[in-house]
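Input: a single structure, listed below in structure tokens.
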């Protein structure tokens, strides 16, 4: 499944250079395919030492109760942002294209809200200038 997904990403994402992957993708075959076919680098996010399977009767070394894995939070945070939208909190869509479009809309809204928060310090809007009615219409027309 990974080569199919990455081949699709290769066609669409021309700026992609580095991939972080879970330990499930640590095989050498995938790494060589990514480096040779796509020209990207692959970094496997490792769990801290001590994780793993131990034989019966062997006590594993003590580990902290919670360990943050590098770059894992980026995916978790993005999924949480998407899940805040009611229509995306469950799988309501019949078509895959509809789900994809809703994700694009949710992330576009998130980016626009962030840009709008920065607007008071950037270009002032007609509302912030106190312009109303025709004065507002003429002030926006003169800018374009």
### Task
Compute the label zone of residue 35 within the range 1-28: residues whose backbone N is under 13 Å from the point 7 Å along Cα-to-Cβ.
27-28
### Task
Take the alpha carbon atoms of the range 1-40, find their center, do the same for the range 73-114, and report the distance between the two centers in whole angstrom.
24
### Pairwise label distance in nanometres, residue 44 with residue 115, each label 7 Å out on the Cα-Cβ vector
4.0
### Query
Stretch residue 100-residue 75 to full length: gain in nm at 0.36 nm per residue minus the Cα-Cα span?
7.4 nm
### Message
Just to verify a number: FRET efficiency for residue 82 and residue 56, C-beta to C-beta distance, R0 = 30 Å, to 0.05?
### Response
0.10
### Task
Give me the number: length gained by fully extending residue 93 to residue 17, i.e. 0.36 nm times residue separation minus the C-alpha to C-alpha distance, one decimal in nm.
24.2 nm
### Message
I need two numbers for the range 71-119: Rg to one decimal and Dmax as a whole number, Cα atoms only, in Å.
### Response
12.1, 38
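Bear in mind that the values in this text are calculations on the coordinates, not laboratory data. Note that this is a predicted model, so its numbers are computed, not measured. All Cβ positions, even for glycine, are placed from backbone atoms using ideal geometry, and neighbour counts span all protein chains on display.
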